[in-house]
Amino acid sequence: MDKKDFTIVVIGAGGVGKSAITIQFLQNYFVIEYDPTIEESYRKQVIIDSETYLLDILDTAGQEGYSAMREQYMDSGEGFILVYSIIQRDSFTKIQKLKDMILRVKDEEKFPMVFLGNKCDLEDQRLISKQEGFKFAQSSKCPFFETSAKNMININESFYECVRLIRQYFSEKGDIDEEKKRKKKRKYNCSII
């Protein structure tokens, strides 16, 4: 597989920490004030498993007013980081719906996605247990991390895992496409004597 530039979409409800996670990954900096994002796009070069990748990261709006843009960035995304807040029950319900929407837009049964339960530093306010997040991710066959943008917990790991999933997805998809080409070629490969 030669593809080395990937588009990762960070998606979830408003106020769950999507921008804080993205900025922490890009700049090793924690954004304290909450300023609702409409849509921000970033680029970062990273080395993962001794390979260099260029990541286009799209930090999306969580507010319902921007839902019309969703299908567009779902269509362009090659991997998704779905974020909920462990202190916000409705944000957990929302990523379940977003996961289904991504699969529908992509017309796939499985697609590169990583689930993040953010704000694990606020343990005393927790509403969603780690087991609940893990169980949902396991049933969706997706990796799961509890993260803290504030304390830089599992931020890099979650993006790196998303890249690995994208790499694997395109590698397997390439193998399937190559097999289809070979079958088609054999089908029409004939000789006249």
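The values are calculated or read from the model by the stated rules, or taken from the named source; none is laboratory data. Remember, predicted model here, so these are calculated numbers, not experimental data. Methodologically, a virtual Cβ is constructed for each residue, glycine included, from the backbone with ideal geometry; neighbour enumeration extends over all protein chains shown. The accessibility values were calculated without ligands, DNA or RNA, using every heavy atom of the protein model including side chains. Shrake-Rupley method; radii C 1.70, N 1.55, O 1.52, S 1.80 Å.
Any chance the stretch 147-157 includes a residue that's on the phi > 0 side of the Ramachandran plot and surrounded by 14 or more Cβ atoms within 10 Å (Cβ to Cβ)?
Pass one, the stretch 147-157, residues on the phi > 0 side of the Ramachandran plot: 152, 154.
Still in the list and also surrounded by 14 or more Cβ atoms within 10 Å (Cβ to Cβ): 152, 154.
So far as the stretch 147-157 goes, yes, one or more of its residues are on the phi > 0 side of the Ramachandran plot and surrounded by 14 or more Cβ atoms within 10 Å (Cβ to Cβ).
List the residue pairs whose Cβ atoms are under 7 Å apart, where the first residue sits in the stretch 110-121 and is under 18 Å from Gly14 (Cβ atoms) and part of a loop (DSSP other than H, G, I, E, B), the second is modelled with pLDDT of 95 or more and open to solvent by less than 10 Å² (accessible area, probe 1.4 Å), and the two are 6 or more positions apart or on different chains.
Lys119/Ser85; Lys119/Ile86; Lys119/Ser148
Given Arg186, Arg126, which one is modelled with pLDDT of 95 or more and either more than 20 Å from the chain's Cα centre (by Cα) or surrounded by fewer than 19 Cβ atoms within 10 Å (Cβ to Cβ) (or both)? First the steps, then the outcome.
Details: Arg186 fails: modelled with pLDDT of 95 or more.
One residue alone meets the criteria, Arg126.
Can you name every residue in the stretch 85-111 that is surrounded by fewer than 12 Cβ atoms within 10 Å (Cβ to Cβ) and under 15 Å from the mean Cα position of the chain (by Cα)?
Initially, the stretch 85-111 is screened for residues surrounded by fewer than 12 Cβ atoms within 10 Å (Cβ to Cβ), giving 90, 97, 100, 104, 107, 109.
Correct list: Lys97, Asp100.
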